[in-house]
Amino acid sequence: MLKCEGLKISFDKGTAHEKTVLQDLSFELQEGDFVTVIGENGSGKSTLLNCLSGTYLTDSGKILLDNEDVTLLPEYKRARKIGRLFQDPLRGTAPHLTVAENLALAYLRAAGHFHPFSRISAKDRQFFAERLKALDMGLETRLDDKVGQLSGGQRQAMTLLMATLVPPKLLLLDEHTAALDPQAEEKVSDLTRKIVEEHHITCLMVTHDMQRALDTGNRTFMMAGGKIIFELNEEEKKTLSVQDLLVRFREASGRNLASDRILLG
Amino acid sequence: MLYILETALRLGLFYAPIPLALFLSYRILNIADLTTDGSFVLGMAVSVSIAALGHPFLGMLLGMAAGALAGSVTALLQTRGGVPSILAGIITNTGLYTVNLAVMGFSSNKSLLKQETVFSLLKKLIPGEHYEILIGLFLIALLCLFLRFFLSTRLGLSLRATGDNIAMIRSSSVDPDRMILIGLCISNSFTALAGALVAQMQRSADINAGSGIVTVGLACLIIGETLLGKRSLTRNILAAVTGSLFYRLLYALILKTRVVPVECLRLLTAVIVAAAIVIPYLQEQAAVRRRREC
């Protein structure tokens, strides 16, 4: 499904500040895998997602998605297969367009069978309303409101819907609930789990909440220094506690986890 | 007085494609497109040169096509060549000076003497003396309808989102570079159309006729938005046209009454545009300062 081989990327090449962020990173995901990714700040979690989505091109290594080599494919072309959510809820939607117009754009990902001069039909609007209703946030009555008028939680839920309106091959979630208030965080997390399970989407989720990382999905990667230093499978995730995770981290890296932002749960 | 109104209406309509073009490039795509001055003259030059050969309608169309081509140069410079967008416009504009001279046969102006123009031909079909205004009205209505329709198509939506949130448009699998190319081609063909119309109306093209026209266009846009507000797409489009009419009315009144010396009009225009952008910014800053003092 997704195969990464020897991914390497460094920034500020050729200067004194050169920093290698991913070093020789390899892993493979099976169809339907839901992987949570944890690690300290600067361990390369977000960079990994940026490389997978095509925001950054890797210096070397190979990315195979669905048996297609996408290593050098530009971001907008990969977007047909990859959906993505960021921490900033404002990043995934266009504030001056309406709810319906934003959804219509997301619908474009469904591949090129839309005529460029086609308009949003009544049937489209009905479909959008149905899907919005499933979010249970009252958005189905606000199709013609500008997205800029919605709350952060509503916008993030909409972004989630937009990323999965046409189920992507791969969904990348970069701490997508971290900037929301506790109530919205709960809501968006539940929705994420529901939508991912319903459509059986392969998913990589970066989080700093260790307990959530253990509770969610069927695999967990621990990253440090641009590598995956250990991985947990479904069985281990069920039995291990956050304390056990910290012990595993010390064993694998020879030091304690810097826990400035990581929630120990 | 009636004559002033008529002149203002006529010029307002013929110049209206420019604020419409700037609405597309500046408001929708968020690009200050400085190709505008050059593509206006390009439209003039092509339209007059082709009309001189006896094809006034073809001159209009080729003028628009030439404008679109100029827009594509600016777009490609910034999307494929890594040139900052303002500089891309300036570079194209500089190059267009020579191109425009060449189109006019390396002369700084070109006039139509007895050749037919779009207006002299249509005059035979349209009764009454207001045929120029009717032609203008018809064309501007057509442009407005096109813009309104286009911007609510899926392609138009992608264009609007490119200016609104470029990260989002990339993750919607739309190539923003292509959107900028399409947007600037359309906007510059509009600008060139204004040049083509004005040139055939006054039966001449002049190499310097475009200087500062981008600022005038922005002033029209801002005046229109102040008068009509910018709550919906339809309103935004109508505002661009209204602004153009109002600006030309103001211009005609100042010419007539000489409250402000005509030589100062450019300065006044520049002040209007600068003030319209600076004042809201200063208000924001003042609000922050007040909060700091609390």
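The values are calculated or read from the model by the stated rules, or taken from the named source; none is laboratory data. Given the structure is predicted, the values throughout are model-derived calculations rather than measurements. Quick reminder, even Gly has a Cβ in these numbers, built from the backbone with ideal geometry, and neighbours come from all protein chains shown. Protein only, heavy atoms only, side chains kept; ligands, DNA and RNA dropped before computing areas. Shrake-Rupley method; radii C 1.70, N 1.55, O 1.52, S 1.80 Å.
Would you confirm, using the coordinates I've provided, whether A:ALA129 is in contact (Cβ under 8 Å) with a residue 12 or more places away in the chain and within 11 Å of chain B (Cβ to nearest Cβ)?
Answer is no for this residue.
Residues in the range B:208-217 that are assigned to a loop (DSSP other than H, G, I, E, B) and surrounded by 19 or more Cβ atoms within 10 Å (Cβ to Cβ): 2 in all.
Mind listing whichever residues of the range B:118-152 are of a type outside the set (A, V, I, L, M) and under 22 Å from the mean Cα position of the chain (by Cα)? Matches in the range B:118-152: B:PHE119, B:GLU132, B:GLY136, B:PHE138, B:CYS144, B:PHE146, B:ARG148, B:PHE149, B:PHE150, B:SER152.
In this structure, does B:SER187 turn out to be away from every other protein chain (no Cβ under 14 Å), in contact with a Leu (Cβ under 8 Å, 6 or more places away or on another chain), crowded, with 24+ Cβ neighbours inside 10 Å and hydroxyl-bearing (Ser, Thr, Tyr)?
Yes; evaluated as a whole, the condition is true for this residue.
For the subset of the range B:147-170 comprising residues that are of a type in the set (Val, Ile, Thr) and outside any strand (DSSP E or B), which member is nearest to the other protein chains (Cβ to nearest Cβ)? This residue is B:ILE169.
For the range A:42-91, residues that are within 14 Å of another protein chain (Cβ to nearest Cβ), touching a Gly at 6+ places or on another chain (Cβ under 7 Å) and open to solvent by 10 Å² or more (accessible area, probe 1.4 Å) total 5.
I'm trying to understand the selection: among the residues of the range A:92-118, which are outside any loop (DSSP other than H, G, I, E, B), within 7 Å of chain B (Cβ to nearest Cβ) and modelled with pLDDT under 80? A:LEU108, A:ARG109, listed by residue number. Being farther than 16 Å from A:LEU170 by Cβ, out of contact with any Leu (no Cβ under 6 Å at 6 or more places or on another chain) and open to solvent by less than 10 Å² (accessible area, probe 1.4 Å), is that true of even one residue in the range A:25-41? Checked against the condition, which is being farther than 16 Å from A:LEU170 by Cβ, out of contact with any Leu (no Cβ under 6 Å at 6 or more places or on another chain) and open to solvent by less than 10 Å² (accessible area, probe 1.4 Å), the range A:25-41 yields at least one hit. If you check B:PHE119, B:PHE106 for being surrounded by fewer than 19 Cβ atoms within 10 Å (Cβ to Cβ) and under 17 Å from B:ALA209 (Cα atoms), only one passes: B:PHE106.
The condition (being among the aromatic types (Phe, Trp, Tyr) and open to solvent by less than 40 Å² (accessible area, probe 1.4 Å)) is satisfied by just one residue among B:TYR247, B:TYR251: B:TYR247. When you check B:ILE166 against the structure, is it free of Cβ contacts under 8 Å to residues at least 40 places away in the same chain, open to solvent by 10 Å² or more (accessible area, probe 1.4 Å) and of a type in the set (Val, Ile, Thr), yes or no? Against the criterion (free of Cβ contacts under 8 Å to residues at least 40 places away in the same chain, open to solvent by 10 Å² or more (accessible area, probe 1.4 Å) and of a type in the set (Val, Ile, Thr)), B:ILE166 qualifies.
To keep it simple, each residue is scored yes or no on (1) assigned to a strand (DSSP E or B); (2) within 16 Å of the chain's Cα centre (by Cα); (3) of a type in the set (S, T, N, Q).
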residue: A:CYS4; (1), (2), (3): yes, no, no
residue: A:LEU7; (1), (2), (3): yes, no, no
residue: A:ALA16; (1), (2), (3): no, no, no
residue: A:GLN23; (1), (2), (3): yes, no, yes
residue: A:PHE27; (1), (2), (3): yes, no, no
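Only one of the numbered conditions (1) within 13 Å of chain B (Cβ to nearest Cβ); (2) part of a loop (DSSP other than H, G, I, E, B); (3) more than 19 Å from B:SER171 (Cα to Cα) is violated by A:PRO168, and that is (3).
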